[in-house]
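The values are calculated or read from the model by the stated rules, or taken from the named source; none is laboratory data. Bear in mind that the values here come from a model prediction, so they are computed numbers and not experimental data. Glycine gets a Cβ as well: all are built from the backbone with ideal geometry, and neighbour counts include every protein chain shown. In case anyone asks, the SASA skips ligands and DNA or RNA and just uses the protein heavy atoms, side chains included. Shrake-Rupley method; radii C 1.70, N 1.55, O 1.52, S 1.80 Å.
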2 protein chains.
Amino acid sequence: MDSAARKVDTVNMDVRTTGDRSYHHGNLRAALIDTAVEQARAGGAAEVVLRDAARRTGVSHNAAYRHFADRDDLLAAVSERGMEELEHRMRERVSTLSVGGPAELASARLRAAGREYVHFALAEPGLFTTAFTCARPKDVAPVGHGPYGVLTAVLDELVEAGVLPAERRPGADVTCWAAVHGFAVLCLEGPLRDLPDAERDAQLEGLLDRVARGL
Amino acid sequence: MDSAARKVDTVNMDVRTTGDRSYHHGNLRAALIDTAVEQARAGGAAEVVLRDAARRTGVSHNAAYRHFADRDDLLAAVSERGMEELEHRMRERVSTLSVGGPAELASARLRAAGREYVHFALAEPGLFTTAFTCARPKDVAPVGHGPYGVLTAVLDELVEAGVLPAERRPGADVTCWAAVHGFAVLCLEGPLRDLPDAERDAQLEGLLDRVARGL
DNA sequence: ACCCCATGTGGACACCGACAACATGGACAG
DNA sequence: CTGTCCATGTTGTCGGTGTCCACATGGGGT
């Protein structure tokens, strides 16, 4: 499968835009993941259907089995994509911040990271839940990468800026992540499901306050 | 369906223990929920299969459709059971606490409630995830009932005991629940999945510390 | 120029959720 | 006591899905 992934880079990418030119698609794996991501966006992991994904990609069922061992394997690829997108949005949000001194900046960044985490979950519920529910056991939390990486970086920054005492640093990441992730999940499928937007935002700000205060 | 639920109480309950006596089961709805809960315990919502549940209950497929509109309807019933069990365990844990004054007691109760929440999730991962993923939109968070009810009661107690300023009370429940729920979810399917037990417990205590401090 | 193997195809099987038509027998009216 | 009615359970069926199998194709390396 590494060879397949590498081939994706070597083969010209316009195969799909020019129409399925021939027997061999040339870029099937990526195309299937695209389709599956779209399915996940539309309705979560349950909506990701192998046969339908193949159909929409213009290829016969079973073609997918040359690129994925399982349906679960495809789901795992979707999960990876979702994680990447979440990480990307968080990095973007955090990096486009420019206020006063390093202390205020670090604090603002922590809040911004948390806010963006929740906003992504609310904006892309299907992709978000799929990302966490269907991750492969192996590539879960390769420390420093993914959303977790963004969080640890911001927290380290907070220590460097002198806002967070170094002895309080261990474990802070888990608390922050848990609070924000829990809030997102409760908003998506829990009792905070149909809270009006304004109220939800207010609750989120309150949560961010308390978490920062408790660090 | 109310009539069916009421009949469960009127009909003698030993039908299942004496063996399926005849054409009419007499207690099918409850029996099917039992079986489905067992399936959910074993492997989460994905493991809950209508036909198999009917089979194991000693009844033909389709019999379930007299008691549940859908597979989703059955899952909702399982969710309800899971919530009840979670609430029960939390209440039990919280009530069997007896330390010093009202302030210490209330604080200890908050921690105990959170700890038990996570322990339930870890002990019954399938039931826990099913309970939250498959809840009916309607009976989600009937304020005062369910796990949420236990939490609000404990927080109110904290205010009465003078530990938590009244002006900080609003929103405290959301933060507490989010933190604990998020931690549970991250332990089940997230990056904290295969953390050794001791480390996990330590992280949980740290989280409880920070949450209490931030309230 | 040739062959080989990665990639895609068509067919088959078991299983599932859902619907429809039919069977059974307990409860209740007369 | 008897006859009927309807809630409950049964068999049959349909479309859809995941997965395995044997086979077809053709581009890249010898």
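Quick look at the numbers
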item: Buried area at the B-A interface (accessible, heavy atoms, 1.4 Å probe, summed, Å²); result: 2900 Å²
item: Percentage relative contact order, chain A, counting C-alpha pairs under 8 Å, at least six apart; result: 18 percent
item: Estimated FRET transfer efficiency when R0 is 30 angstrom, pair A:Arg66-A:Ala46 (beta carbons, to 0.05); result: 0.75
item: Among B:Ala53, B:Ala103, B:Ala69, residue whose mean-square fluctuation peaks in a GNM of chain B (springs only between Cα atoms under 10 Å); result: B:Ala69
item: Highest-fluctuation residue, B:Leu192, B:Leu151, B:Leu86 considered, GNM on chain B with Cα pairs under 10 Å; result: B:Leu192
item: Estimated inter-spin distance, B:Asp156 and A:Glu92, nm [label 7 Å along Cα→Cβ]; result: 4.5 nm
item: Gyration tensor verdict on the range B:113-215 (Cα atoms; rounded if a/c is under 1.5, prolate if a/b is larger than b/c, oblate otherwise); result: oblate
item: Positive-pole candidate from A:Ala103, A:Thr133, A:Ala40, dipole of the range A:35-165, charges at beta carbon; result: A:Ala40
item: Distance in nm between pseudo-label sites at A:Asp194 and B:Asp73 (7 Å out along the Cβ direction from Cα); result: 2.0 nm
item: Percent carbon-and-sulfur accessible area, the protein assembly as shown, ignoring ligands, DNA and RNA, probe 1.4 Å; result: 52 percent
item: Over the protein assembly as shown, volume per residue of the alpha carbon convex hull, in Å³; result: 185 Å³
item: Peptides ranked, highest mean first, by Cβ atoms within 10 Å: ranges A:119-126, A:73-80; result: A:73-80, A:119-126
item: 7 Å along Cα→Cβ, label-point gaps from B:Gly101 to other copies, nm, shortest first; result: 3.8
item: Residue-normalised accessible area of the range A:50-108, expressed per residue, 1.4 Å probe, Å²; result: 58 Å²
item: Shielded by partner chains, the range B:161-180 residues - at least 50 Å² of accessible area, 1.4 Å probe, vs chain alone; result: B:Val174, B:Thr175, B:Ala178
item: Loop-resident sites, the range B:23-102, for chymotrypsin sites (Phe, Trp or Tyr not before Pro), counting at most 15 other Cβ within 10 Å (DSSP); result: B:Tyr23
item: Longest site-free stretch - chain A; sites: trypsin sites (Lys or Arg not before Pro), DSSP loop, at most 14 other Cβ within 10 Å; result: A:22-137
item: Number of partner chain Cβ atoms within 10 Å, mean per residue of A:183-194; result: 6
item: FRET efficiency for B:Ala103 and A:Glu167, using Cβ-Cβ distance with R0 set to 35 Å, rounded to 0.05; result: 0.85
item: Listed residues B:Thr152, B:Thr96, B:Thr130, most fluctuating in chain B (Gaussian network, C-alpha, under 10 Å); result: B:Thr96
item: Shortest-first nm distances, B:Asp70 label point to equivalent points in other copies (7 Å, Cα→Cβ); result: 2.7
item: Gyration tensor verdict on the range B:38-181 (Cα atoms; rounded if a/c is under 1.5, prolate if a/b is larger than b/c, oblate otherwise); result: prolate
item: Environment charge of B:Arg93, counting only residues whose C-beta is closer than 12 Å and scoring Lys/Arg +1, Asp/Glu -1; result: +2
item: For the protein assembly as shown, size of Cβ-based charge dipole, Lys and Arg +1, Asp and Glu -1, in debye; result: 860 debye
